[in-house]
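The structure under discussion appears below in the form of structure tokens.
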Amino acid sequence: MSRFSQATIAGAGIGLRSTHYQDILNDKAAVPWFEVLSENYFGDGGLPLHYLEQVRSDYPVTLHGVGMSLGSTDPLDFSYLARLKQLAEQIEPAWISDHLAWISAGNRYVHDLLPLPYTEEALNHFAERLLQVQDFLGCRLLIENPSSYLSYRKTDMTEWEFLQELVDKTDCDILFDVNNVYVSGTNHGFDPIEYLHALPVGRVKEIHLAGYQKHDNYLFDTHGFRVHPPVWELYRATIEHLGPVPTLIEWDNDIPPFEKLVDEAGMAQKVLDEIA
Amino acid sequence: MTDLRELQHLFRDAVFEETSDGPALQAFSKLINDSAGLSAAGHLRIYRGAILGTLTRALGNIYPVCKRLLGDQFFDGMARIHARNTPSQSADLANYGGEFGDFIASFEPAATLPYLADVARLEWHWHRAFHAADEAAMDLAALNNVPLADTGRIAFRLPASARLLDSNFPVQKIWQVNQDDWQGDQDVNLDEGDASLIIWRKQYGMRIDELDSQESQLLGAIDNGALFNELSQPDMGLELDTLLPRCYQQGWIAGFTLDA
Ligand SMILES: [Fe+2]
């Protein structure tokens, strides 16, 4: 028997956060799967990896990162990729994801997901690097649409056209963040439904849900609130269009007690069950 | 590739430049759209706030005692200056912040707290120890089997998590009374004197142990790569017969190799 759960990723899972290790392990929480933030387990040892191994023995997991910087014009960071590969070999995730974004320039990291200009140049650059990374890791990646707060004057296509082209060029899959598309759509004045209908059905392997924060002139993606009603509405439309895609609740700021996340995941599960 | 590269470098410069409306921001603003409620520069400033906020929070998480000693507002202001001037050079945010202690030492407005830089160094060592490699116990049988003629070439090593810290201030005490769960007196007498500390992890337990002068001298020499034949020189003045077993039992010596 394997030391790890052999279950597949299905239904509404929760992002694994260190404040909840005890809740999960002591109570054998009834959650179908967890998403693990890759970089939180890049240390050589210690408690984080110890707990992760325990969680992994009971649950299937996915690896989600912010560090690949696929859109950056800096050289690919192969020490980062080697560490990620090692972690993947250690915990055997169902898949690995990162973002349609860049995070460094001139080797200065901003630790924030910055948007690309959706140009032919950026598309070719991103696709070429994604192919290299998929080759290095030996698997297909899921690429997630980011929340963004600015748009460039010089573009050749929309974000969803960029994603479509990327799938064609690299055979990658998509992680569709419904909250992000709502935030970006509001900030830049596009229709999330148009975005949704342009997604290549069958390529969307995971969905993210989270809570944004409302500012005077824009929405900000804090991952610090419950999922807002219009995002639930868009989620329902997404599941109707794409089918019961595995869905994840993300929460990173002011992390609440675990039960609240279980409750939130339960709401997503309800939508999945109703439409299935 | 030049368009994309230039745009990204300009974006970065606009985020980190000193003034709120500097040349990089003005140049970058020409490349992005304004919207109903926000100017182009306003859009960039959302990122500036988020990025400096993330780095400032990261420093606050690594340096909670410094933050407590300075107060949130002073600490955040100082951390923001550091974040603007000291690039993060790794995709892993856990690697950021190691230069903060040296920065504090040279940060004029914090000079009234002369022990602060050492408290920061202690907190950094703690942060690194938390993520350091796990250790198996040292192989004593292998040590006993080293032929007598080779003992001079033994190079002991400290646990992977361990860092030594010497300070002119009782920084361990300062650290301790500023923990959330500390119940006792908050006063620390700064004349209480020097501290020689080892900050490390024993299995999963974080530790800050005080060293006496013999222990500190021995572990310092080992940390600098001294071999057994150097440690046993009379002028080192180390009572190795009792000192070595004691340090081993404490867990401060985690292994050895034979120098070629
Ligand atoms: Fe997301």
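Readers should treat all values here as calculations from the given coordinates under stated rules, not as data from a laboratory. These figures come from a predicted structure and were not determined experimentally. Ideal geometry is used to build each Cβ from the backbone, glycine not excepted, and the neighbour counts take in all protein chains shown.
So here's what we get for this one:
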item	result
Simple label model, 7 Å out from Cα along Cβ direction - B:Arg68 to A:Lys169, nm	5.2
With Cα atoms, 0 to 90° folded angle of helix B:116-131 axis to chain B main axis	80
Residue-averaged [θ]222 nm for the protein assembly as shown, counting only DSSP H segments that reach four residues, each worth -39500 (n - 2.57)	-13500 deg cm²/dmol
Normalised contact order of the range A:160-237, rounded percent, pairs of Cα under 8 Å and 6 or more residues apart	33
Mean Cα-pair separation over length for chain A, i.e. relative contact order, pairs under 8 Å, 6 or more apart, %	18
FRET efficiency for B:Lys30 and A:Thr186, using Cβ-Cβ distance with R0 set to 22 Å, rounded to 0.05	0.35
Long-range amide H partners of A:Thr247 with built H, under 5 Å	A:Gly11, A:Ala12, A:Gly13, A:Ile207
Acute angle (nearest 10 degrees) that the helix B:40-62 long axis makes with the longest principal axis of chain B, alpha-carbon atoms	20
Label point distance in nm, A:Phe78-A:Ala7, each placed 7 Å from Cα along Cα→Cβ	3.9
For the range A:12-275: rounded, prolate or oblate by the Cα gyration tensor [a/c cutoff 1.5]	oblate
Difference of contour (0.36 nm per residue) and Cα-Cα distance, B:Ala133 to B:Asn145	1.7 nm
Pairwise centroid distance, computed over Cα atoms, of the range B:1-46 with the range A:147-203, Å	22
B:Tyr204/A:Glu240 FRET efficiency (R0 60 Å; Cβ-Cβ; nearest 0.05)	0.80
Dipole of the range B:1-97, positive end: most advanced residue of B:Ala83, B:Leu69, B:Leu7 [Cβ charges, Cα centre]	B:Leu69
Amide H within-cut-off set for A:Glu144, under 5 Å, with H built and near neighbours excluded	A:Asp98, A:His99, A:Leu100, A:Leu175
Global form of the range B:215-260, assessed from the alpha-carbon gyration tensor, a/c cut-off 1.5	oblate
Amide hydrogen neighbours beyond the local backbone of B:Lys202, cut-off 5 Å, H modeled	B:Arg207
Whole-Hz couplings from phi, Karplus 6.51/-1.76/1.60, listed for the range A:211-223; x for Gly and Pro	x, 8, 10, 8, 10, 4, 10, 6, 9, 10, 8, 8, 6
For the range B:109-165 versus the range B:55-81, the gap between their alpha-carbon centres in whole angstrom	27
Centroid-to-centroid separation of the range B:193-232 and the range A:92-116 [C-alpha atoms, Å]	39
Residue-wise HN-Hα coupling along the range B:163-177, computed from phi with Karplus coefficients 6.51, -1.76, 1.60 (Hz; x: Gly, Pro)	9, 9, 9, 9, 9, 7, 10, x, 5, 5, 4, 4, 4, 4, 6
Cross-link reach list, lysines versus B:Lys202, counting only Cα pairs under 26 Å and skipping chain neighbours closer than eight places	B:Lys173
Spin-label proximity, B:Gln186 to the range B:38-72 - amide N less than 13 Å from point 7 Å beyond Cα toward beta carbon	B:68-72
Rounded tilt (10° steps) of B:2-16 against the dominant C-alpha axis of chain B	80
Formal net charge of residues neighbouring A:Glu206 (Cβ-Cβ distance under 14 Å; K, R +1; D, E -1)	-3
